[in-house]
1. For the range 1-46, report the % of Cα-Cα distances exceeding 13 Å.
2. What does the charge count around LEU24 come to, taking other residues whose C-beta lies under 14 Å from its C-beta (Lys +1, Arg +1, Asp -1, Glu -1)?
3. Simple spin-label model, 7 Å along Cα-to-Cβ: ARG42 to ASP29 in nm?
4. May I ask for the net charge around PRO55, where only other residues with Cβ less than 12 Å from the Cβ of PRO55 are counted and Lys, Arg are +1 while Asp, Glu are -1?
5. Set Lys and Arg Cβ to +1 and Asp and Glu Cβ to -1, take the dipole of the chain about its Cα centre, and tell me which of LEU53, PHE66, LEU8 lies farthest positive.
6. Work out the length of the dipole vector of the chain about its Cα centre, built from +1 on the beta-carbon of each Lys and Arg and -1 on the beta-carbon of each Asp and Glu, and round it to the nearest 20 debye.
Amino acid sequence: MGGQAEALARPIRELVAIIGVGELDGVEDEAAFLWNVLFDPREIFDLRDTLALSPAQITHRLVSAFRGALLGWATARLTEPAPR
């Protein structure tokens, strides 16, 4: 496990527990994938430069979006039809 993966392991595990999706196999790995999608540094710079958001606004919005994305991802897994 690399530095970023190690640093994210506990917060992701805690969020998974908070939103109640810990029973899904592999959900922590999927959460790490979503984190990487949302927290691309180039996109964060664009939020700052193009939308003129403050660091606090960026943090609040991205963390909220991450929580929502993980909940949506888990809900989709629980409600998708079984493979044929």
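1. Above the 13 Å cut-off, the range 1-46 has 59 percent of its Cα pairs.
2. Net charge around LEU24: -4.
3. 2.6 nm
4. +2
5. LEU53
6. Dipole size: approximately 200 debye.
A short reminder: the numbers here are calculations on the coordinates, not readings from a lab. Just so we're clear, the structure is a prediction, and the values are computed from it rather than from any experiment. Glycine gets a Cβ as well: all are built from the backbone with ideal geometry, and neighbour counts include every protein chain shown.
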